[in-house]
Amino acid sequence: MKQDMKRWIASLISDNRVAAIPIMTHPGIELNGKTVREAVSDGRVHADAIATICQRYASAAATTIMDLTTEAEAFGAQIVMSDDAVPAVTGRLLNDVSDIAQLKIPTLNAARIPAYLKACLMAAREVDRPLFGGCIGPFSLAGRLFDMSDIMVLIYENPDAAHELLDKATTFITKYCRAIRETGANGVMMAEPAAGLLSNDDCITFSSQYVKRIVEDVQNDDFIVVLHNCGNTGHCTRAMVQTGAAAYHFGNKCKMAEVIADVPDTALAMGNIDPVGVFKDGTRASMTKAVEQLMNEMKSNRNFVISSGCDTPPHTPFSQIDAFFEAVESVNCKRNN
C-alpha cells in the first residue's frame, strides 16, 4: 500500500495519542496453526501471519519476521531451522581473510530471499497499514559470515579486510532493500544488534557509515529505514542517528528517556518493553506497570512510539499482547480526557 511515509511520521508526532508498533509476527503464525519453519520458508504463510496480526491488533504498522539468517544463508552460510524457533546460523562461512576476497555477492534468487520478497509483496497488498519488511545490518551480517568473535578482532588487526567484507555485505543489503521497496512495502526494519558491541566511534566506522549508504540509496518519501539496535545500551545512539534513518528502534537494555535525547525530534524513537521478561514471561500486572511507566516517562517526547524491545518470541501468550494494547489504550484515554 503506497503511502507518504514522511507525512505518516509527521502525523504520529503531531497526534496526542502514542502509537504502538510492537515487532510481532509469531503470534499470527500460531493463530493460523502454522510453524516458524513454514513461515520463514513460504511467503504465503508469512503474509497470512502478518494479516492475522493486523486483524486482531491495532498496531500502527505491520512488520515481517525479524530473521537474522536470511541474508547470511543467501551468501552460503549454513542455517538450522525448527518448528518453534527462529533460524540460526551454524558454523561459519568464512575462515580467513583470503575467503573474504573470494566471497561472491549473491543474487536475489538465492536461498529464501524470494520467499521473503513474496511475503512483502502479498502483505503490502493485503494489510490496511504501513508494512515494514526486514533485513539485517551490515556489521551483523559480517559477524554471521566471519564469526562474531573473530570480526571483533578483525576490525582492529586487519581493518582493510573488515571493510572489504562490510562493503560486500552493504552492496547486497542495498540490493535487497531496493527489492523490498519494489514489493510495495513502506519501509524496512534493519536489525543491527551486533553494532551494540562497538564503541560509538567504532560503530560509526564499521556500521553507521555503511548503514548510511543504504539509507541514502533506498529511503524516500514512500519508503523509510527503521534502524534497530537492541545491543545498544545508550553508548552508541549518536552513531545510530548519523545514519539518517527515519526511525530508530531500541532494545530493553537502554533507557528510552536517555537515548531519545540523541534522536532528532523529526525522527521516530521506538521501544522498548522487554520482549522476553515482560511479553513472554511476564504477567498482566507486570505488562500494565511496564507500559504505564514507560509512557509516563516519555510523555514529553512527541516522537516516541511504544514497542517491544525486539521481536516478540514464539509462544508469547496472547494475554500478554492483549494486556500491552489495553494498557496503551488506557494511558492514551486518560491523557486525552
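Remarks
- Qualifying residue in segment 292-305 (condition: open to solvent by less than 10 Å² (accessible area, probe 1.4 Å), farther than 19 Å from Leu12 by Cα and either outside any loop (DSSP other than H, G, I, E, B) or of a type in the set (Gly, Ala, Ser) (or both)): no
- Subset tally (residues that are open to solvent by 10 Å² or more (accessible area, probe 1.4 Å) and either within 25 Å of Glu326 (Cβ to Cβ) or β-branched (Val, Ile, Thr) (or both)) for segment 25-35: 4
- Of all the listed residues (Leu154, Leu121), the sole one being in contact with a helix residue (DSSP H, G or I) (Cβ under 6 Å, 6 or more places away or on another chain) and either over 26 Å from Cys203 (Cβ atoms) or open to solvent by less than 20 Å² (accessible area, probe 1.4 Å) (or both) is Leu154.
- Residues of segment 306-320 classified as part of a helix (DSSP H, G or I) and either free of Cβ contacts under 8 Å to residues at least 40 places away in the same chain or in contact with a helix residue (DSSP H, G or I) (Cβ under 6 Å, 6 or more places away or on another chain) (or both), total: 2
- Within segment 207-214, one or more residues are surrounded by 24 or more Cβ atoms within 10 Å (Cβ to Cβ), modelled with pLDDT of 95 or more and more than 28 Å from Gln3 (Cα to Cα).
- Subset of segment 40-76 (residues that are farther than 16 Å from Lys118 by Cα and in a loop (DSSP other than H, G, I, E, B)): Tyr57, Ala58, Ser59, Ala60, Ala61, Leu68, Thr69, Gly76
- Only one of the numbered conditions (1) more than 19 Å from Arg37 (Cβ to Cβ); (2) open to solvent by 20 Å² or more (accessible area, probe 1.4 Å) is violated by Ala111, and that is (1).
- Of Ala101, Ala61, all but one fail to be of a type outside the set (Phe, Trp, Tyr) and surrounded by fewer than 21 Cβ atoms within 10 Å (Cβ to Cβ); the exception is Ala101.
- Any pair with Cβ under 8 angstrom, 6 or more apart, that starts in segment 199-228 at a residue that is over 25 Å from Val153 (Cβ atoms) and ends at one that is surrounded by fewer than 21 Cβ atoms within 10 Å (Cβ to Cβ) and of a type in the set (Asp, Glu): Asp221/Asp4; Asp222/Asp4
- Subset of segment 11-29 [more than 21 Å from Asp274 (Cα to Cα), without any contact (Cβ under 8 Å) to a residue 40 or more places away in the chain and either assigned to a helix (DSSP H, G or I) or of a type in the set (Ser, Thr, Tyr) (or both)]: Ser11
The values are calculated or read from the model by the stated rules, or taken from the named source; none is laboratory data. Given the structure is predicted, the values throughout are model-derived calculations rather than measurements. For neighbour counting, all protein chains shown are included, and Cβ atoms are generated from backbone atoms with ideal geometry for every residue, glycine included. Just the protein is used for accessible areas: all its heavy atoms, side chains included, with ligands, DNA and RNA removed. Shrake-Rupley method; radii C 1.70, N 1.55, O 1.52, S 1.80 Å.
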